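Asks: My questions will all concern the structure given below.
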Amino acid sequence: MIKFNKRGQWKIQQMVFMILAVFIFFILVGLFFLTWTSRDVRNSYEELEKEQAISSLKVITDMTEFNCGSRESLCVDKDKLRIMRGNLSLNYADFFEVESIEFYVLGNSSESFLIYDSGQSQQKKYSTYVSVCEKDSLSGYVYDKCEVGKVLVGVKLVNG
Amino acid sequence: MGKIKNNRGQQEMVGFVLIVVIVMVALMVFLVISLRTDKEIPDSVEVENMLDVLMKKTTGCAIVFEPQYDSYEDLIKSCQENKRCSNLDKMACDYLKENLRNEMEIVMGTESVINSYNIEANYVFDEELENIFSLGSGNCSGSLSGAQRIISSGGGKILVRLILCKD
């Protein structure tokens, strides 16, 4: 009788260990799966945040003060940039609602136009590509000359 | 007594095999999901802006007269139509390949996180695909993102696709 009870206990112990092992194994698989998917979620969150910031840069480049005058988005007038990089932009300090705006042309000329800078040192900068166009003339003909440029907008860092 | 012991052993083996099968099925489902999501190259606003701005850039090639210069978008059309830059005495396709490569190198020079690119244009007419050009540089060791632009040309359309690889 005593022998029988011991064997039963041993069987129950075996079963409990087996159930525990399977349970722990499934938890480990689940954790691995969660880590994998959360990495993807974090990446897409960062990508979305960046894309949202880039989309909001369009609001600045589409302002009448910078835009080419065409209906095209992400196109800025080089002559307007030349004017706005002076002290004139200081009047827009409350209007811009960002910490800094800078445009620069890529290529051999590498011209840059610092439009506005609040002097805030804690800034996070976002950038995107823009067409920098100006009217040029040759042999009496006027034509549009567009170059590849970038706009850099600084926003105040909220958390550190 | 011996028969009962054998039956118990068989039952335990069946249970073990069942657990192994369930685990294998779960792993297969996980693998299928992870492989399926990795296949497509996601579109990106950043790459789309880069491609749009690049296509609008004025080149030094004038097909009819100076200063009616083509933009890269017009130049791709001129290349597809086998036209010639009248001011440079050069085929539009030759000028396009030479200069677009330089242009891409300049743009890539400002991007520290991009380690390779591929840009290609294909003319689609009556569901037939004809490659106009394909340029690329670098070895990809990161994630891909891309953008596409459609240019109407003649009776068909030109698909310009830019793919960037980021660290």
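Asks: Per the Kirkwood treatment, what hydrodynamic radius in Å, one decimal, follows for segment B:17-167 from the mean inverse distance over all distinct Cα pairs?
Replies: Numbers: mean 1/r = 0.0569 Å⁻¹.
Computed over Cα pairs of segment B:17-167, the Kirkwood hydrodynamic radius comes out at 17.6 Å.
Asks: Based on Cβ point charges of +1 for Lys and Arg and -1 for Asp and Glu, what charge dipole magnitude is obtained for chain A about its Cα centre, in debye rounded to the nearest 20?
Replies: On the way: 19 positive and 20 negative charges, 355 e Å.
Using Cβ point charges on Lys, Arg, Asp and Glu, chain A gives about 1700 debye.
Asks: Just going by the charge dipole of segment B:15-167, with Lys and Arg at +1 and Asp and Glu at -1 on Cβ, which of B:Ser134, B:Ala92, B:Gln68 is farthest out on the positive end?
Replies: Comparing the listed Cα positions along the dipole, B:Ser134 ranks first.
Asks: Only four residue types carry charge here, +1 at the Cβ of Lys and Arg and -1 at the Cβ of Asp and Glu. Report the dipole size of the protein assembly as shown about the Cα centre in Debye, rounded to the nearest 20. Walk me through the intermediate numbers first.
Replies: Numbers: 36 positive and 44 negative charges, 583 e Å.
Dipole size: approximately 2800 debye.
Asks: Please identify which residues in segment B:78-92 have an amide N closer than 19 Å to a label point set 7 Å out from the Cα of B:Lys157, following the Cα→Cβ vector.
Replies: Inside the label zone: B:78, B:80-81.
Asks: Rounded to the nearest 500, what is the 222 nm mean residue ellipticity of the protein assembly as shown from helices alone, with -39500 (n - 2.57) per DSSP H run of 4+ residues and division by all residues? Kindly include the intermediate steps, with their values, before the conclusion.
Replies: Values: 7 runs with 147 residues, N = 327.
Helix-only estimate at 222 nm: -15500 deg cm²/dmol.
Asks: Note the angle between two axes, namely the Cα long axis of helix A:2-61 and the longest principal axis of the Cα atoms of chain A, as a number of degrees from 0 to 90, rounded to the nearest 10.
Replies: Once rounded, one gets 0 degrees.
Asks: With a sphere of radius 15 Å drawn around the Cβ of A:Asp144, what net charge do the other residues whose Cβ falls strictly inside it have (Lys, Arg +1; Asp, Glu -1)? Write out the running numbers ahead of the final one.
Replies: Values: positive: A:Arg71, A:Lys78, A:Lys80, A:Lys135, A:Lys145, B:Lys56, B:Lys57; negative: A:Glu72, A:Asp77, A:Asp79, A:Glu134, A:Asp136, A:Glu147, B:Glu66, B:Asp70, B:Glu73, B:Asp74.
With Lys, Arg at +1 and Asp, Glu at -1, the neighbours total -3.
Asks: Of the options B:Leu27, B:Gln10, B:Asn102, report the single residue whose Cα projects farthest towards the positive end of the charge dipole of the protein assembly as shown (beta-carbon charges: Lys, Arg +1; Asp, Glu -1).
Replies: Of the listed residues, the answer is B:Gln10.
Asks: Report the FRET efficiency, 1/(1 + (r/R0)^6), for A:Asp94 and B:Asp167, where r is their Cβ-Cβ distance and R0 is 45 Å, rounded to 0.05. Can you show the working numbers first?
Replies: Working: r = 39 Å, r/R0 = 0.87.
Once the sixth-power term is evaluated, E becomes 0.70.
Asks: Can I ask one more? To the nearest 0.05, how large is the calculated FRET efficiency for B:Ile19 and B:Ser141 if R₀ is 41 Å and r is the Cβ-Cβ distance? Intermediate values should be presented prior to the final figure.
Replies: Numbers: r = 39 Å, r/R0 = 0.96.
Working from the Cβ atoms, E equals 0.55.
Asks: Take peptide A:146-153, look around each residue's Cβ out to 10 angstrom, count Cβ atoms belonging to other protein chains, and average those counts. Please report the intermediate quantities before stating the final value.
Replies: On the way: counts 8, 4, 10, 2, 5, 0, 0, 0.
Mean partner-chain Cβ count within 10 Å for A:146-153: 4.
Asks: I've got another one for you. Quick check on my link table: of A:Lys80/B:Lys97; A:Lys58/B:Lys77; A:Lys58/A:Lys124; A:Lys58/B:Lys57; A:Lys125/A:Lys145, which ones sit more than 21 Å apart, alpha carbon to alpha carbon? Provide the component values of the computation, followed by the final result.
Replies: Values: A:Lys80/B:Lys97 33 Å; A:Lys58/B:Lys77 28 Å; A:Lys58/A:Lys124 17 Å; A:Lys58/B:Lys57 18 Å; A:Lys125/A:Lys145 28 Å.
The pairs that break the limit, which is 21 Å between Cα atoms, are A:Lys80/B:Lys97; A:Lys58/B:Lys77; A:Lys125/A:Lys145.
Asks: What net charge do the residues around A:Ser73 carry, taking every other residue with its C-beta under 9 Å from that of A:Ser73, with Lys and Arg at +1 and Asp and Glu at -1? Working shown, then result.
Replies: Details: positive: A:Lys58, A:Arg71; negative: A:Asp62, A:Glu72, B:Asp52.
That sum, taken over residues with Cβ under 9 Å, equals -1.
Asks: Sticking with this one: Using only atoms on other chains, find how many Cβ atoms lie within 10 Å of each Cβ of peptide B:65-74 and report the average.
Replies: Values: counts 2, 4, 10, 3, 6, 0, 3, 2, 0, 0.
Mean shielding count: 3.
Coordinate-derived values only; no laboratory data. All values reported here derive from a predicted model rather than from experimental measurement. No Cβ is skipped: glycine too gets one built from the backbone with ideal geometry, and neighbour counts run over all protein chains shown.
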